[in-house]
1. Checking A:Lys230 against (1) near RNA strand B (Cβ under 8 Å from one of its atoms); (2) surrounded by fewer than 16 Cβ atoms within 10 Å (Cβ to Cβ); (3) outside any loop (DSSP other than H, G, I, E, B), only one condition comes out false. Which one?
2. Take A:Asp69 and decide whether it is surrounded by fewer than 15 Cβ atoms within 10 Å (Cβ to Cβ), touching a helix residue (DSSP H, G or I) at 6+ places or on another chain (Cβ under 8 Å) and within 21 Å of A:Thr14 (Cα to Cα).
3. Of (1) out of contact with any Lys or Arg (no Cβ under 6 Å at 6 or more places or on another chain); (2) touching a residue at least 40 places away in the same chain (Cβ under 8 Å); (3) buried (at least 22 other Cβ atoms within 10 Å of the Cβ), A:Ser4 satisfies all except one. Which?
4. Could you check the range A:285-295 and list, in sequence order, the residues that are exposed (fewer than 15 other Cβ atoms within 10 Å of the Cβ) and more than 11 Å from RNA strand B (Cβ to nearest atom)?
5. State whether the residues of the range A:340-347 include one that is over 30 Å from A:Glu291 (Cβ atoms) and either surrounded by 11 or more Cβ atoms within 10 Å (Cβ to Cβ) or touching a helix residue (DSSP H, G or I) at 6+ places or on another chain (Cβ under 6 Å) (or both).
6. Of the residues A:Glu377, A:Glu407, which is surrounded by fewer than 13 Cβ atoms within 10 Å (Cβ to Cβ) and touching a residue at least 12 places away in the same chain (Cβ under 8 Å)?
Amino acid sequence: MASSVRVRIAPSPTGDPHVGTAYIALLNLIFARQRGGKFVLRIEDTDRTRFVASSEQMIFDALHWLGLDWDEGPDVGGPFGPYRQSERTALYSAAVERLLAGGHAYRCFCTTERLDEMRRLQIASKLPPRYDRHCRNLDVAQSASLHAAGTAHTVRLAVPVDGATTFRDELRGEITFDHNNVDDQVLLKSDGFPTYHLANVVDDHEMQISDVIRAEEWISSTPKHVLLYKAFGWEVPRFWHMPLLRNTDKSKISKRKNPVSLIYYRQAGFLPAALVNFLGLMGGGMPADVEKFTLPEMQAGFQFERISLGGPVFDLEKLKWLNGLYLRGLSPDTFLDTVRTVVLDDAYLRAIAPLIQERIETLAQFMNLADFFFMDEVVAPPEVYLPKKRTLPETLKLGGELLAVLEAADWEHAALEKTLRDLATAHTWSAKELFMLVRAIITGKSASPPLLESMLVLGKARSLDRVRRFLEREKARRE
RNA sequence: GGCGCCAUCGUCUAGUGGCCUAGGACGUCGCCCUCUCACGGCGAAGAUCGAGGGUUCGAAUCCCUCUGGCGCUACCA
């Protein structure tokens, strides 16, 4: 009786918690609750290079904020732990040994340089970039001696040369991939950590996951996963690929074009119930013409079979409308409490106060000086942000890069200052010019409390949002 | 380029062979309410159902082709 429903979400701790993670978490939660199953949270922290230490806790906090609680996970435990992949490496090593022994995988000693060159050539001659199986063709003795000599290597999946893999997507039906279109994927990296593909299959099996509900972007790698299940002799779970949330231009939702951090939505004053409701609207699923609903209502009425497969545009305007509905529906007391805990939160005020106190003459000036900390959108006129000898196009170009470097920056004083100064230098702008531009974008004014301190208090998510909005606004103005 | 997925108003969607001269919601516009704004109420504009072929008495709904969009194409997930 391996029929009980178990589902999971598997976020990677690589940055701010993502709105797409919340979307998939919501769907998994509903699925599990509807079927009396278990909802598991597993942290996929196998990429050392992108790992962000603070990220895991932020994911927990954000999902709890939304009320999307899990039954098993790193923080709550459970019978199938540990729930962090970095703590399960022994499992992956054993799995790799099994694959190697069974001839389903092989060691690859190719260097990054060789792989890059190989791909360059393939693309130049209009061939699909794919591993050329150089090491798969090594004879056993050669491979063994390289291994014995301690040569750095990866382990790759030995995809069958002929035939095809067919799997069923519960929403789309059967999908077939010809094996000559499936790459010999790296399963174990040279640092000893597994890639997503291996870890995911091993863990989903070990954790007895019955239904894999994940984003559509995974469809192309599903044949590799199916091949792995079969190589291990394991039962293949059911797959439900959900449509991808989109930007207004229909591309996969991205931080460049949309606020995607759940931290942003919380700080910008969206109610968790409204955001959950809105996510529930994405892709249909609820009965006709039901627009406003709670999590329990969604649990009662949501049908996975109804999901429409076209990728839904994440429309901030409609989210705001829905959020307004929720806000206006609050009792006056609850509303005030909410304002106090989000907008006028004590910790937030405590961080702002010293910046204002230095330059204040009467208490009534407090809001005049601090307004931008409490506003949703600030707009400075070009006279403020456009340096005298610079053109608008070059300012906007710099603005675009500003967004990228701030995104990558540690949200800490020294790092922020260095980031901005480096950006100025790179563009042969004076620090003064750049700081005024950023000040205008962040505060909407030419005079404000110290810029870096203000950005630290405002927070990364909202600061980035202001830069993004600035760019969008200016782009729209020029059209 | 290759492979895969998808395709109804600008956006989210209803619609699963006749009830569709395609319904609702956001947004937009107008009117009402009103000291203003917002809320709320009412209304309008907005989709030859991506295109072209079939199947059928009948197609947004089924089939084929094309086109378009998106995703994947990493020792990232």
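1. For A:Lys230, the exception is condition (1).
2. Numbers: surrounded by fewer than 15 Cβ atoms within 10 Å (Cβ to Cβ): yes; touching a helix residue (DSSP H, G or I) at 6+ places or on another chain (Cβ under 8 Å): yes; within 21 Å of A:Thr14 (Cα to Cα): yes.
Yes.
3. Looking at each condition in turn, A:Ser4 falls short on (3).
4. A:Thr294
5. To start, the set of residues in the range A:340-347 that are over 30 Å from A:Glu291 (Cβ atoms) comprises A:344-347.
After this cut, where a residue has to be either surrounded by 11 or more Cβ atoms within 10 Å (Cβ to Cβ) or touching a helix residue (DSSP H, G or I) at 6+ places or on another chain (Cβ under 6 Å) (or both) as well, the list is A:344-345.
There is at least one residue in the range A:340-347 that is over 30 Å from A:Glu291 (Cβ atoms) and either surrounded by 11 or more Cβ atoms within 10 Å (Cβ to Cβ) or touching a helix residue (DSSP H, G or I) at 6+ places or on another chain (Cβ under 6 Å) (or both).
6. Working: A:Glu407 fails: surrounded by fewer than 13 Cβ atoms within 10 Å (Cβ to Cβ).
Within the list A:Glu377, A:Glu407, the selection yields A:Glu377.
Every residue, every condition in (1) more than 23 Å from the chain's Cα centre (by Cα); (2) more than 7 Å from RNA strand B (Cβ to nearest atom), yes or no:
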| position | (1), (2) |
| --- | --- |
| A:Glu170 | yes, yes |
| A:Ile175 | yes, no |
| A:Asp178 | yes, no |
| A:Gln185 | no, yes |
| A:His205 | yes, yes |
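Each row is one residue, and each column tells you yes or no for (1) within 23 Å of the chain's Cα centre (by Cα); (2) of a type in the set (Asp, Glu).
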{"position": "A:Leu369", "(1), (2)": "no, no"}
{"position": "A:Leu386", "(1), (2)": "no, no"}
{"position": "A:Thr391", "(1), (2)": "no, no"}
{"position": "A:Glu394", "(1), (2)": "no, yes"}
{"position": "A:Thr425", "(1), (2)": "no, no"}
{"position": "A:Arg469", "(1), (2)": "yes, no"}
{"position": "A:Arg473", "(1), (2)": "no, no"}
{"position": "A:Ala476", "(1), (2)": "no, no"}
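The values are calculated or read from the model by the stated rules, or taken from the named source; none is laboratory data. What you are looking at is a predicted structure, and each value in this text was computed from that prediction instead of being measured. Note that each Cβ is placed from the backbone with ideal geometry, even for glycine, and that neighbours are counted across all protein chains shown.
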